[in-house]
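Report on the structure given below.
Bear in mind that the values in this text are calculations on the coordinates, not laboratory data. All values derive from a computational prediction rather than experimental measurement. Note: ideal-geometry Cβ built from the backbone for every residue, glycine included; neighbour counts use all protein chains shown.
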Amino acid sequence: MYSTLTGRSGRVYVRGRVLQTHPTKPELNVHFATSIFELSQELKHEFGNSSYLRLHLDDNEEECVLVYDYYQDNLLSLVRNNPDLPIKARKFILRELGLGLRDLHSKQWIHLDTKPNNAMIDWNLDEKGRFRIERVAWGDLDCALKLKGERLLNHRIGNVMWRSPEGQNLFLWSHWVETLHPDFEQLKKDGTEPEQVILYKLLSMFGPASPELIAHVDDQYGGELLAALSRVVEEEDPGLTL
């Protein structure tokens, strides 16, 4: 039998199916109604009921449990299952996600894990079978970070394959092509660091990093690598700026 949880609001929730299983601690499983706590409380305080961010609806402080609204899909599965997704819907999704990042950045927050399957989407088909997007929001905000101090980029979160453009990684264009996804097996055979390749691709696409940005990198090797690759990109295309 599923256990129940009473939120601060007085509503009672039933822990439903497990969405993600913890490898060693069942009590840390992610159910149809659970998650992280202190960071989410801070985000809730900062952003209230932002429609662009999937913030919790209720909580139980004693058990450190947060309750989130359910979204039927995420961007990754949506585009894989709907290759003919209308361009109007694609543009709307990207616009909503951009507005969510704008809100975060306006208060010195960065998501750090803006991958497609963290973009939550509700949609339906109208009476004529036309695709309609109901709402779009960034989820998995436990990877968010509020920037403080003079050297801001001092957190390395995620992994080489899945890291946000703010960190250095995979990006989907409106055509849903993973343009920054390298051949990891070939790189391994060549003895090449994937992070360097991805960073180069990212800088080639969006432009070299400015001296001001490089100054925020709190790692000597990382800062030198970013500066060196930025010089290479600038020499290849002097008109490209970030």
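Some notes on this structure:
- Neighbour cut-off at most 10 other Cβ (10 Å), DSSP loop, trypsin sites (Lys or Arg not before Pro), segment 81-148: LYS128, LYS148
- Residue pairs, from the table LYS107/LYS201; LYS88/LYS201; LYS88/LYS115; LYS88/LYS148, whose Cα atoms sit over 26 Å apart: LYS107/LYS201; LYS88/LYS201; LYS88/LYS148
- Taking amide H atoms as placed 1.01 Å from N in the peptide plane, the amide H of ASN74 lies under 5 Å from those of ILE121, each 5 or more residues away in sequence or on another chain.
- In order through segment 222-234: 3J(HN,Hα) via Karplus (6.51 cos²θ - 1.76 cosθ + 1.60), integer Hz, x for Gly, Pro: x, x, 5, 5, 4, 5, 5, 5, 5, 5, 4, 4, 5
- Separation of segment 181-227 and segment 52-81, taken as the distance between their Cα centroids, equals 32 angstrom.
- For the pair LEU76 and GLU224, the difference between a 0.36 nm per residue extended length and the Cα-Cα distance amounts to 49.9 nm.
- Potential extension, GLU62-LYS128 segment - 0.36 nm per residue separation minus Cα distance: 19.0 nm
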